[in-house]
Amino acid sequence: APNMGFDFLEDGAMQTINSVTVAGDTVTITLAAAPGAGVKKLRYAQNQIPSTCQGIGSNPGSGPGARGNLRDSDPTVSRYGYDLKNWGVAFEEDVP
């Protein structure tokens, strides 16, 4: 997913994310410009290609669907040998 599934909004407008990095249990999001004094929100796993989807949550996990890239490194496998990764939960939070 673009930007590992993260979006940063200020006053409802998407802001450009230059990079998203993960180190241990810390995610660092670097914006192209410092945010202003407007209402800021951070969203995860809600981005999608609008022309192919019909609202938040449609087509989750597919090419154009809402999704994110964060998961743990749990080595547990299913009884059939498939990975059982724990994926990050979709959210939208206010940023102070």
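A search for C-beta distances below 9 Å between a residue of the range 72-84 that is in a loop (DSSP other than H, G, I, E, B) and any residue that is among the acidic types (Asp, Glu), counting only pairs 6+ apart in sequence or on different chains, returns Asp74/Asp83; Pro75/Asp83; Thr76/Asp83; Leu84/Asp74.
A single member of Gly65, Gly38, Gly57 is modelled with pLDDT of 90 or more, in a loop (DSSP other than H, G, I, E, B) and open to solvent by less than 50 Å² (accessible area, probe 1.4 Å), and it is Gly38. Out of the residues in the range 41-54 that are modelled with pLDDT of 90 or more and in contact with a Gly (Cβ under 9 Å, 6 or more places away or on another chain), which is surrounded by the fewest Cβ atoms within 10 Å (Cβ to Cβ)? For the range 41-54, the residue satisfying everything is Lys41.
Among the residues here, Met14 does not qualify as in contact with a strand residue (DSSP E or B) (Cβ under 9 Å, 6 or more places away or on another chain), in contact (Cβ under 8 Å) with a residue 60 or more places away in the chain and surrounded by 10 or more Cβ atoms within 10 Å (Cβ to Cβ).
Report whether or not Asp25 is at pLDDT below 90, surrounded by 10 or more Cβ atoms within 10 Å (Cβ to Cβ) and of a type in the set (Asp, Glu).
no
Filtering the range 68-83 to residues that are open to solvent by 40 Å² or more (accessible area, probe 1.4 Å) and farther than 24 Å from Thr28 by Cα leaves Pro75, Thr76, Val77, Arg79, Tyr80, Gly81, Tyr82, Asp83.
The values are calculated or read from the model by the stated rules, or taken from the named source; none is laboratory data. As the structure is a computational prediction, the values presented were derived from the model and not from experiment. Positions of Cβ are backbone-derived with ideal geometry, glycine not excepted, and every protein chain shown enters the neighbour counts. Quick note on the areas: whole protein, heavy atoms, side chains included, nothing else; ligands and nucleic acids left out. Shrake-Rupley method; radii C 1.70, N 1.55, O 1.52, S 1.80 Å.
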